Amino acid sequence: MTTPLDHLHPFTDEALCALALTHASAGVSDGSGRRDNERLEFLGDTVLDLVVAEAFFHDRARYPEGALTEMKAQVVSRKALAGAASRIGLAEHARIGRGLDRRSLSRSVLANLYEGVVGAVYLDAGLEAAKTFVHDTLRSELAEARARGGEALPKQAFQEVCQREFDGPPIYEVLETRGDANSRAFKVAARAGGERFPSAWGRTVKEAEHWAAFEALLSLGYEAKP
């Protein structure tokens, strides 16, 4: 037996691969209830955070904590994971509901598929196999984050702007939360100088703050790098 992902990870348990590629919209169920990748996505999200954080932690550059946080947020963002999912063809092999078009899946769906596969690889062969998969499939994102490690990423850059123009740090407000414990999204807006800037969504509060700072910089007329 082979799986569509054998070129990236030869699954011992083919059923794990199939489950990782089954989106909740497919409505697949068996005698034990719904069968989709949401639990694998939850696990994969945790494994991914560990693998990426460890990769940067062991770099010779010895980035400060703030830079490590921003770099990790960049690599595990919906945008980055969706890009990786597209490159390795997850949409082509995913089981999705009739209401979704595999040719134009949202970033959220693609990122969820990627995290589900990471979780499946971890269960199938352990942490080292998951590390190999993440490093191979997020190679360009990891390299870009390293290349920009010394630059002011959105939150750092916005903090500097606020200190200079508003004599104080920005405040980030959580405006809305969606989803359940396994798959949440947060809407956050930055506030500074009596103004609330355009909001942004993220799968964690920190990621949402990252993009809220990005939006704020654009609103103030600054060149912003995501």
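General observations
- The set of residues in segment 116-128 being over 16 Å from L21 (Cβ atoms) and either buried (at least 18 other Cβ atoms within 10 Å of the Cβ) or within 16 Å of the chain's Cα centre (by Cα) (or both) consists of A125 alone.
- With respect to being charged (D, E, K, R), farther than 22 Å from D59 by Cα and in a helix (DSSP H, G or I), D124 fits the description.
- For segment 133-161, filtered to residues that are more than 18 Å from the chain's Cα centre (by Cα) and among the hydrophobic types (A, V, I, L, M, F, W, C), the residue that is surrounded by the fewest Cβ atoms within 10 Å (Cβ to Cβ) is A147.
- A search for C-beta distances below 6 Å between a residue of segment 109-134 that is farther than 12 Å from D45 by Cα and without any contact (Cβ under 8 Å) to a residue 40 or more places away in the chain and any residue that is open to solvent by less than 10 Å² (accessible area, probe 1.4 Å) and part of a helix (DSSP H, G or I), counting only pairs 6+ apart in sequence or on different chains, returns L110/A82; L110/A85.
- Checklist (1) exposed (fewer than 15 other Cβ atoms within 10 Å of the Cβ); (2) modelled with pLDDT under 95; (3) small (G, A, S) applied to A185, failing item: (1)
- Within segment 154-187, if we keep just the residues that are of a type in the set (K, R) and free of Cβ contacts under 8 Å to residues at least 12 places away in the same chain, the residue that is farthest from W211 (Cα to Cα) turns out to be R164.
Residue-by-condition table, conditions (1) open to solvent by 70 Å² or more (accessible area, probe 1.4 Å); (2) within 30 Å of R39 (Cα to Cα); (3) of a type in the set (S, T, N, Q):
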residue: Q163; (1), (2), (3): yes, no, yes
residue: E195; (1), (2), (3): yes, no, no
residue: A200; (1), (2), (3): no, yes, no
residue: V205; (1), (2), (3): no, yes, no
residue: L217; (1), (2), (3): no, no, no
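- Residues that are farther than 24 Å from G126 by Cβ and of a type in the set (A, V, I, L, M) within segment 51-79 comprise A61, A67, L68, M71, A73, listed in sequence order.
Yes/no per residue for (1) open to solvent by less than 30 Å² (accessible area, probe 1.4 Å); (2) of a type in the set (V, I, T); (3) out of contact with any strand residue (DSSP E or B) (no Cβ under 6 Å at 6 or more places or on another chain):
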residue: L40; (1), (2), (3): yes, no, yes
residue: V52; (1), (2), (3): yes, yes, yes
residue: H58; (1), (2), (3): no, no, yes
residue: L81; (1), (2), (3): yes, no, yes
residue: G89; (1), (2), (3): yes, no, yes
residue: H93; (1), (2), (3): no, no, yes
residue: G99; (1), (2), (3): no, no, yes
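- Subset of segment 67-77 that is in a helix (DSSP H, G or I) and open to solvent by less than 40 Å² (accessible area, probe 1.4 Å) - its residue that is nearest to Y114 (Cα to Cα): V75
- Condition broken by A157, with the remaining ones in (1) modelled with pLDDT of 90 or more; (2) of a type in the set (A, V, I, L, M); (3) under 15 Å from L218 (Cα atoms) satisfied: (1)
- Considering residues of segment 24-47 that are out of contact with any Leu (no Cβ under 9 Å at 6 or more places or on another chain) and among the hydroxyl-bearing types (S, T, Y) only, the residue modelled with the lowest pLDDT: S32
The values are calculated or read from the model by the stated rules, or taken from the named source; none is laboratory data. All of these numbers come straight from a predicted model, not from anything done at the bench. Virtual Cβ from ideal backbone geometry, glycine too; neighbours counted across all protein chains shown. Each accessible area value is taken on the protein alone, full model and side chains, heavy atoms only, with ligands, DNA and RNA left out. Shrake-Rupley method; radii C 1.70, N 1.55, O 1.52, S 1.80 Å.
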